[in-house]
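> Sharing a structure with you now.
The values are calculated or read from the model by the stated rules, or taken from the named source; none is laboratory data. Predicted model, so just to flag it, every value in this text is computed and none were measured. Cβ placement follows ideal geometry from the backbone for every residue including glycine, while neighbour counts extend to all protein chains displayed. Quick note on the areas: whole protein, heavy atoms, side chains included, nothing else; ligands and nucleic acids left out. Shrake-Rupley method; radii C 1.70, N 1.55, O 1.52, S 1.80 Å.
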Amino acid sequence: GTMLLSEYGLHVRDESLTEPSALAMDRITITAENLNTDAGEETPFTLAMQINSTGSLESEGTFGINPLNLDLDLDLKRFPLPPAAAYLESILALKLLDGEAGVDGHLKARQEPGSELKTSFTGSASLTGLHARDLKGDDLLKWKSLLFLGMNVESAPTKVTVDNIGLTDFFAKILIRPDGTINLRELTRTGPDVPPEPGVPGGETTPEEESLEANEKLPPQVVINRVTLQGGEIDFSDQSITPNFSLKMLETGGRISGLSSLSTSRADVNLAGKLANQAPLEVTGTINPLAPEIHVDLKLAMKNMDLGPLSPYSGKYVGYTIRKGKLFVDTHYLITGTKIDARNSVFLDQFTLGDKVESKDALNVPITLAVSLLKNRKGEIRLDLPVSGDLANPEFKIGAILFKVFFNLLIKAVTSPFALLGAIGGGEELSFQEFDYGSALVPTTEKLDSLATALDKRPALKLEILGKADGERDRTALIEQSLKDAVLAEVKKDSSRGEGSSEIQFTEISAGEYEKYLGRVYRRATFPKPRNVIGFAKSLPVAEMEKLLRTHTEITDGELLELALKRAQAVQNHLTSSGKIPPERIFLLEPVLELPEKQQKETPANRVEFSLR
């Protein structure tokens, strides 16, 4: 026989929900010709209805009762989502304000006796005009259209193929609230655990359950040929810091091609956008998020981002505002299974700190010195921040590790600044310049030349010079030098040597001449001398005369401090004479005399030491 329903209406209202849901189905028309419930028989039918005044459903096909069999075309247009929102909101913590769904395709469903239901669908689907807010009333998601084209979906086992997923004119809001909570983490509702369903008594399973278990062992096969994004906006706001921070990513779009659950698959990623409509952001590489073992090989490049708006973060975590600067980032993330290896190259151009900000969260690092050390003559800072680890380790957090690497870099810069300068100036240890004992002459200028080169490349740095003297060894060397000077003076006073005596150097004096002139120095000395029986000063061997002259030569602490100062001045003069370091960048500190009984460090004191500011 034939069944006909025409222009019927069915209104459903579910008041068991917090907010009652109403669905009005009007103008329902159903036809079924040659209705037959016999085994193997199928009945042609048509179905049409209007849904909540805007939507419609049309279907045409056949159905059978024994076995259960459906084969139909399905055309659902503008199905309103708000009536179904209450059911969705029982799972997700959001408020669905608007949106429509559509389905156009061919559906098959069949269940043979003793087997599970097998279904397939080919066609397309859409969600358009979606608008959702979080439970606190802030916009969360919007989009013009989300299309699923070229769909082929099968169950038992699950197979999904989609030719193209397209999302256009979309908006997403990421919000960190004043208490530090993130709106996206609030989306999933948590509820009491649902107890597992009891098994079949006696431990037996039905044929349907055996078939289902067998299919569940097979992983779902999913292929998505292409995902396209166009006209996106991502709005990030952080209300947990003062002042609040906000940033938008506009013109977000691109393509992901070749998504597949096959373990050997690699999907190409090419996405782009603009931060604050100024700084371009690009993401390129390959991924396979649907495969059993994760593979990610992505590069992210961001250019020309103004750092001034990031002042709320720098004030909190660095202790200074940012007056100006541009940020360029190149990152490369490689993930194979649970292993991650990331390279982060950061380039800061004209980065300049502003006012100091009191913050308990600020890094305990002299950040102004670190910036001066890292910034070159062009006002550039280049940082490489590698991160590697195992994602399976619950203690491994990429953000925390990256911050630690950055923090360690700053610590190294300020605790071992001359190691950094040495790398810039030629690889030498540039924190000091040694001198010969008793001398203020720079023995070799190679190190100072390297220091000048390094400082020239770091124009924001100022150099402090501390001259030092050793109270024991420098004193001994000065006594020895005083003795040589006295002998040389006697040589130069001796007119019998001729006119060339005034130009003679100490090294040119012969051993015989040395003994002769040393004797004259000894006789002129006023200290008590050993005498013979008739009262005249005895003639002594060279070694004894030297010993008595050294014993009675006094070098005061003041003279040693003067030596320390002269050493510092010699270094200062050489650095400034290079033309690379202006005098205003160099500061002489009060010289230091290290006496043996007070010397605490084992490092020699016959040197000039440097510090940076």
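> Among the listed residues S124, S120, S115, S145, which satisfies the condition of being in contact with a Lys or Arg (Cβ under 6 Å, 6 or more places away or on another chain), open to solvent by less than 60 Å² (accessible area, probe 1.4 Å) and either among the polar types (S, T, N, Q) or modelled with pLDDT under 95 (or both)?
Every option except S120 fails the conditions.
> Please determine, by comparing only the residues of the stretch 267-297 that are assigned to a loop (DSSP other than H, G, I, E, B) and buried (at least 17 other Cβ atoms within 10 Å of the Cβ), which one is modelled with the highest pLDDT.
Step by step, filter the stretch 267-297, then rank; the result is N288.
> Being among the hydrophobic types (A, V, I, L, M, F, W, C), under 30 Å from T158 (Cα atoms) and part of a strand (DSSP E or B): is that true of L247 here?
Considered against the rule, which asks whether it is among the hydrophobic types (A, V, I, L, M, F, W, C), under 30 Å from T158 (Cα atoms) and part of a strand (DSSP E or B), L247 comes out as no.
> Okay, next question. Within the stretch 544-566, count every residue that is open to solvent by 30 Å² or more (accessible area, probe 1.4 Å), of a type in the set (A, V, I, L, M, F, W, C) and at pLDDT 90 or above.
2
> Additional query: Which residues, counting only those in the stretch 552-581, are more than 19 Å from P604 (Cα to Cα) and under 43 Å from the mean Cα position of the chain (by Cα)?
Answer for the stretch 552-581, where residues must be more than 19 Å from P604 (Cα to Cα) and under 43 Å from the mean Cα position of the chain (by Cα): Q572, N573, H574, L575, T576, S577, S578, G579, K580, I581.
> Considering only residues that are touching a Phe, Trp or Tyr at 6+ places or on another chain (Cβ under 8 Å) and part of a strand (DSSP E or B), look in the stretch 31-58 and name the one that is farthest from A101 (Cα to Cα).
Top of the filtered list is T43.
Residues are listed down the side, and each one gets a yes or a no for (1) over 23 Å from L461 (Cα atoms); (2) out of contact with any helix residue (DSSP H, G or I) (no Cβ under 6 Å at 6 or more places or on another chain):
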| site | (1), (2) |
| --- | --- |
| L307 | no, yes |
| V318 | no, no |
| L327 | no, yes |
| Y333 | yes, yes |
| T336 | yes, yes |
| A342 | yes, yes |
| V346 | no, yes |
| T352 | no, yes |
| K356 | no, yes |
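> Follow-up question, since we're still on this one. I need a count of the residues in the stretch 330-341 that are farther than 13 Å from L298 by Cβ and open to solvent by less than 20 Å² (accessible area, probe 1.4 Å).
1
> Okay, moving on. Which one of L184, L218 is modelled with pLDDT under 80 and in a helix (DSSP H, G or I)?
Criteria check complete, one pass: L184.
> A further question on this structure: State yes or no: is D361 part of a strand (DSSP E or B) and open to solvent by 30 Å² or more (accessible area, probe 1.4 Å)?
In short, no.
> Can you find a residue in the stretch 77-98 that is within 24 Å of L4 (Cα to Cα) and either in contact (Cβ under 8 Å) with a residue 12 or more places away in the chain or in contact with a Phe, Trp or Tyr (Cβ under 7 Å, 6 or more places away or on another chain) (or both)?
yes
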